[in-house]
Amino acid sequence: MVTITDIAKRAGVAKSTVSRYLNGGSVSAKTREKIDKIVEETGYTPNSFARSLKAKKTNMLGVIIPRLDSASSNEILTGIDRIAHKRGYQLIITNADQQEKREIKNLQALANQKVEGIIFLAQGISPGHLETIRSLPLPVLVLGQKAEEIHCIVHDDEGAGRKIGEYALSLGHRRFLFAGVSETDQAVGQERKNGFLSAVQNVQNCSVKFIEVAFSKEKVYQSALSFLPGMTETFVVCATDNIALAVLKAAKELGLSVPEDFSLSGFGGYEATSFVSPSITTINYPFRKLGELAVGELEQLIKEKEVAVEMVLSNELAIKNSTSPLNKT
C-alpha cells in the first residue's frame, strides 16, 4: 500500500508538502508536476479521512495516553499541558487502555478532528502503528518508544539498566532477580533488562533469574506472594517503580525485611517511592521535561522545520533506603 510517506520520499519533499498538494494547498509548479507524475505512476489514492483534512491552523493538538492510572503519563501530560497552554494550543486527550486497536483508532479519530499534530505515548510500535502513522497527512511524535523513520523522544532505558546493574555490583550483590514486563514493550520490557544484563553478565559468579509480571500493582503483588518465599537472590530489580512498590508490600506481608533480607530497586522516580518505608532506590526519569519538549518538537514539525528523528533523554540514579551492601548487618 502506497502512503504519502512513500510519495514524499520519491518526490524528495516533506510529507507535509504532499499533504498540502493533496488538499489543494500552495505548492510550487515544479513540485506539483513532480508529485502529479508519482501519483499517476503509483496509483495512489488518499483514504477518506485524509481527504477530509484541510490545510489550515486549528491550534489543536492530539495526545494519546496508554492508560489512565499511569504516574509517568500524568507527569508527561503535566509538561505537555503547561507548554501547550503557553503557546496557545488546545489539547484533545484520548486513552488507549493499552490496546493496539484503540491506539490506531485514536490516531485516525484525532486526524479526523483536524488536530495539527499528535503526541503518542506509546507502549510499543507495531507494523499496524507504522502503517497508520505513515498514512496520516499530519505530524506524529512518538514518546517513549523508538520507531523507524518516525520522530520520537525516548529515555535512555539501556543506560538506566546499566546504572542499576553497576550500582548493585558495587554493593557486592551477585544473585539477582529481575521482575520485568513483556518484551512487546521495547523500552520497559527489553531495553531496561538488556542494559542491566550488559552490566552484570560478564561478572564472575553472577546469576540472574527473570520473572515476567504485569504493569498492574495488584497483579504484581499476587505474583510476589508466590515468588518471594524461598527466594535465594539478594537483589530484586523491578522494571518499574510500581512493580517495586507491589513487591515491597508483598514482602512486608510475608514477614520479609527490605533491605535486610533482599535489596530492591525500580525505574521511574515516582513520587510514591519516597513515601514508603523503606524509600525505594530508583532511576529518576525526566517525565515532565519530556512532555515540555514534546510540544516544542511537534510545533517545529507542524511548521515543517528540520527536527532530529530521535532525541534521547538522560536519567539519574537515586539511591534510597531499599538497597544496602550485601554483607551489611
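No lab work stands behind these numbers, since they all come straight from the coordinates. Values in this document were obtained by computation on a predicted structure and should not be read as measured data. Methodologically, a virtual Cβ is constructed for each residue, glycine included, from the backbone with ideal geometry; neighbour enumeration extends over all protein chains shown.
With 0.36 nm allotted per residue and the present C-alpha distance subtracted, the Glu40-Ser198 stretch has 51.8 nm of extension available.
For region 152-204, what value does the Rg/Rh ratio take when both radii are computed over Cα atoms and Rh is the Kirkwood radius, given to two decimals?
On the way: Rg = 11.4 Å, Rh = 11.3 Å.
When Rh is taken as the Kirkwood radius, the ratio is 1.00.
With a simple spin-label model that places each label point 7 Å from the Cα along the Cα-to-Cβ direction, the separation between Ile319 and Thr31 comes to 5.5 nm.
Based on the Cβ-Cβ distance of Met60 and Lys209, what FRET efficiency does E = 1/(1 + (r/R0)^6) give at R0 = 45 Å, to the nearest 0.05? If you can, show how the numbers build up before the last one.
Details: r = 48 Å, r/R0 = 1.07.
Between Met60 and Lys209 the formula returns 0.40.
Against the main long axis of the alpha-carbon atoms of the chain, helix 100-112 sits at an angle near 40°. Segment Arg102..Asn74, full-extension length gain: 8.2 nm, with 0.36 nm per residue of separation and the alpha-carbon distance subtracted. A crude spin-label estimate for the pair Lys219 and Asp261, with each label 7 Å from Cα along the Cβ direction, gives 2.5 nm.
Modelled label positions at Ala14 and Lys86, each set 7 Å beyond Cα in the direction of Cβ, lie 2.3 nm from each other. Close Lys pairs in region 269-329 (alpha-carbon distance under 28 Å; sequence gap of 8 or more, or different chains): 4.
Please rank Asp6, Asp69, fewest neighbouring Cβ atoms within 10 Å first, as an exposure proxy. Walk me through the numbers on the way to the answer.
Details: Asp6 17, Asp69 11.
Ranked by crowding around the Cβ, least crowded first: Asp69, Asp6.
Helical content of the chain, expressed as a calculated mean residue ellipticity at 222 nm, amounts to -12500 deg cm²/dmol (DSSP H runs of 4 or more residues, -39,500 (n - 2.57) each, divided by residue number, nearest 500). Taken one residue at a time, the phi angles of region 161-176 give Karplus couplings (6.51, -1.76, 1.60, θ = phi - 60°) of x, 4, 4, 5, x, 5, 5, 4, 4, 5, 8, x, 6, 9, 10, 10 Hz. Gly and Pro are set to x. For region 157-285, the ratio of Cα radius of gyration to the globular rule of thumb 2.2 N^0.38 Å stands at 0.94.
For a quick check: sort Lys101, Lys15 by the number of other beta carbons within 10 angstrom, fewest at the front.
Numbers: Lys101 9, Lys15 21.
By the 10 Å Cβ count, ascending, the order reads Lys101, Lys15.
Highest mobility in the GNM of the chain, judged by mean-square fluctuation with C-alpha springs under 10 Å and restricted to Asn74, Asn112, Asn202, is found for Asn202.
Among Ile80, Ile283, Ile243, the ranking by other beta carbons within 10 Å of each residue's beta carbon, starting with the fewest, stands as Ile283, Ile80, Ile243.
If R0 is 41 Å, what FRET efficiency do you get for Ala308 and Ser277 from their C-beta distance, rounded to 0.05? Efficiency at R0 = 41 Å is approximately 0.45. Please give the residues of region 169-202, grouped as numeric ranges, whose backbone N is less than 18 Å from a label point set 7 Å along the Cα-to-Cβ vector of Asn327. Inside the label zone: 169-175. For the chain, the square roots of the Cα gyration tensor eigenvalues, ordered a ≥ b ≥ c, give a/c of at least 1.5 with a/b greater than b/c, which places it in the prolate category.
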